[in-house]
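The next block holds one structure in the form of structure tokens; read it before the comments.
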Amino acid sequence: MSAQPAVSLYARQSATSNKSRAAIFSGAKLIIAEVGNYQSNIADIALRSQVSKATIYNQFADKAEMMECLVESEVIRLTDLALAASSRQEALYTLSTAISQDEALRKLTQSDPSDIAKLVTISNHPTWVLAHQGIAKIFGADSAACGVILRWLIGQIASPITQEESLAQSKRLANSLFN
């Protein structure tokens, strides 16, 4: 009997639950953008998501699991956005602006700094492995280049940059890493 590969919490969903999860994640991001993670609750997320609390609890064991799956879904969403870009520089710009303009991340940096510290600490956690794999898939880059890109993007979680800065920095980064 061969060992099964590790499957992320996010990837364990069935096809029928995709719509509910998308609604839950969207509602959770809206609530987090307003009040942060610790002040958010399942009742408010359910209301904003237009699903029942039972639907959320059918999808996730608890709020912590829901939040971990939300982070994983965001990594996947950002990877897909960047893969659709027409160039590496555009992919860098797309990722940069998505991170710098994310209202939920902005609120978390203000209301839940310890969570942000955990989030931006690169580790062997499955979500970081997924992020690193996504960067490698997008850029086809070696490990060192992936590390540079991840650190550049992580910096924008705590210190967002403008669209103009994203454009200028993504051009410089693409030129130095890929030319």
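The values are calculated or read from the model by the stated rules, or taken from the named source; none is laboratory data. These numbers were taken from a predicted model, which means no experiment stands behind them. We place every Cβ from the backbone using ideal geometry, glycine too, and count neighbours over all the protein chains shown.
The table for this structure:
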read-out	value
Residue satisfying condition, being part of a loop (DSSP other than H, G, I, E, B), at pLDDT 90 or above and aliphatic (A, V, I, L, M), within set 71, 75, 51	51
Given (1) out of contact with any His (no Cβ under 9 Å at 6 or more places or on another chain); (2) of a type in the set (Val, Ile, Thr); (3) over 25 Å from residue 27 (Cβ atoms), index of the condition residue 99 fails	(3)
Set 72, 65: member being over 27 Å from residue 165 (Cβ atoms), loosely packed, with under 15 Cβ neighbours inside 10 Å and of a type outside the set (A, V, I, L, M)	65
Residue that is farthest from residue 69 (Cα to Cα), among those in segment 129-143 that are of a type outside the set (A, V, I, L, M) and crowded, with 16+ Cβ neighbours inside 10 Å	139
Some residue of segment 126-144 being outside any helix (DSSP H, G or I), over 23 Å from residue 37 (Cα atoms), out of contact with any Gly (no Cβ under 6 Å at 6 or more places or on another chain) and not aliphatic (A, V, I, L, M)	yes
Residue in segment 103-120 that is in contact with a helix residue (DSSP H, G or I) (Cβ under 9 Å, 6 or more places away or on another chain), hydrophobic (A, V, I, L, M, F, W, C), surrounded by fewer than 18 Cβ atoms within 10 Å (Cβ to Cβ) and over 24 Å from residue 67 (Cα atoms) present	no
Of the criteria (1) of a type in the set (S, T, N, Q); (2) surrounded by fewer than 15 Cβ atoms within 10 Å (Cβ to Cβ); (3) closer than 21 Å to residue 122 by Cβ, which one residue 39 fails	(3)
Residue count, segment 147-179 (criterion: closer than 20 Å to residue 106 by Cβ and outside any helix (DSSP H, G or I))	4
